[in-house]
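The values are calculated or read from the model by the stated rules, or taken from the named source; none is laboratory data. Quick caveat: nothing in here was measured; it's all calculated off a predicted structure. Cβ: placed from backbone, ideal geometry, glycine included. Neighbour counts: every protein chain shown. Heads up: the accessible areas ignore ligands, DNA and RNA and are worked out on the full protein's heavy atoms, side chains in. Shrake-Rupley method; radii C 1.70, N 1.55, O 1.52, S 1.80 Å.
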Amino acid sequence: MNIEESVWNVIVTSEQTNIQKAGDMVISQILDGFSFHSQWNGGVIFFTLILIVLYMFLLPTPKDHPKFKSIAFAGSMLLILFSVGSPLNLLGRMLFRAHIIQIVVVLLIAAPLLVIGIKTNLLEKMLKNNGVKKVYRFLTHPVFVIILFHGLFILYHVPVVFDWIRTGYFTNYFFLVGLILAAALLWWPIVGPIKQEDKMTFKQKLIYIVVNIVLFVPVTLFLWLSNTELYSVYSDTSQMLAALALCMPFGEEIPPDLLETLLPYPPISEQKNGAIILFISQALIFGLSVIWLYMKKGRK
């Protein structure tokens with residue numbers, strides 16, 4: 001490498017760093033421009049807290065119910081609140097990487113904690129009915145849940161579908177709830193919350209985990225290899241405003257002086273950053289689940 005190339009690389013690196021710092025400042029200023037009620041979704045806060053109260057005080061609790069299950073459930077609710085009810089949700093409307101962080105937190109961390117923490121005593125009683133047992137076994141069958149979850153996940157990230165979902169109030173929350181339920185079912189065979197129905201062997205669960213890691217690759221490669229702006233909600237100001245409007249309380253509008261600073265990051269770079277975050281996070285989390293399974297096996 002000659003001197004000119006070295007100098008040019010230093011200049012480019014310095015310029016990218018300055019752009020990143022400037023972008024961080026812009027994002028901070030944008031968030032400061034939104035009210036507390038815009039940054040913290042009262043509906044999501046109320047919903048998650050109600051579910052925690054129902055779980056802790058109203059649902060029947062078996063005598064042998066371990067405390068870690070209650071902690072896991074409460075933790076899953078708080079993570080969902082953090083992901084879709086905090087300022088991260090606003091950032092997820094402006095930065096694609098923030099959207100991927102939301103996805104990772106909700107589907108790959110909160111969902112397994114939800115399954116770990118679920119109270120199974122009522123479900124175990126219902127499973128004494130053969131009809132209920134057949135439905136349960138179908139809904140938790142590894143092949144079905146893999147097709148359901150990854151089918152929804154891939155469909156969700158098809159550009160036309162993604163833009164449609166993110167700019168519609170009902171479509172946004174409908175798909176969010178659907179993905180959370182599908183994610184819970186995806187983790188169900190790994191966690192095996194009902195012992196008498198946990199029929200998969202350790203080896204089968206390892207294969208199941210590897211299959212899931214591989215099935216995240218198509219979306220990751222799609223985001224990483226694309227050299228065009230995939231999602232108009234991150235490149236078109238009017239579309240971004242429509243997506244942001246879903247986070248605003250009734251009667252409140254986006255501050256007009258923020259319109260000029262709503263696109264601080266290049267969409268293509270954001271897509272590639274999102275791909276990296278998604279691939280590393282899912283591989284790491286599923287890897288940790290293997291360690292958890294191995295430790296669980298050792299205790300038996």
Quick one: which of 231-243, 127-139, 188-200 comes out on top by average Cβ neighbours within 10 Å, and what's the full order, highest first? 231-243, 188-200, 127-139
Just the accessible area per residue of the stretch 182-237, please: how many Å² with a 1.4 Å probe? 47
Per the charge dipole of the stretch 149-300 (beta-carbon charges, Lys/Arg positive, Asp/Glu negative, Cα centre), the residue among Met240, Val214, Ile254 reaching farthest to the positive end is Val214
DSSP H helices in the chain with Cα extent of 15 Å or more along the helix axis and mean Kyte-Doolittle hydropathy at least -1.0? 3-33, 42-53, 67-84, 142-156, 169-191, 202-215, 267-299
Taking a 19 Å limit on the Cα-Cα distance, which of the listed pairs Lys69/Lys134; Lys133/Lys205; Lys199/Lys296 fall beyond it? Lys69/Lys134; Lys133/Lys205
Which order do the peptides 42-54, 214-226 take when ranked by the mean count of other beta-carbon atoms within 10 Å per residue, highest first? 214-226, 42-54
Size of the dipole of the chain about the Cα centre, Lys and Arg at +1 and Asp and Glu at -1 on the beta carbon, nothing else charged, in debye to 20? 2580
Mean separation of Cα pairs under 8 Å and 6+ residues apart, divided by the residue count of the chain: what relative contact order is that in percent? 24
Carbon/sulfur accessible area of the chain, % of total, 1.4 Å probe, equals 71
What whole-number value in Å² describes the accessible area per residue of the stretch 73-177 for a 1.4 Å probe? 43
Stokes-Einstein D (µm²/s) once Rh is taken as the Kirkwood radius of the chain over alpha-carbon pairs, at 25 °C in 0.890 mPa s: 115
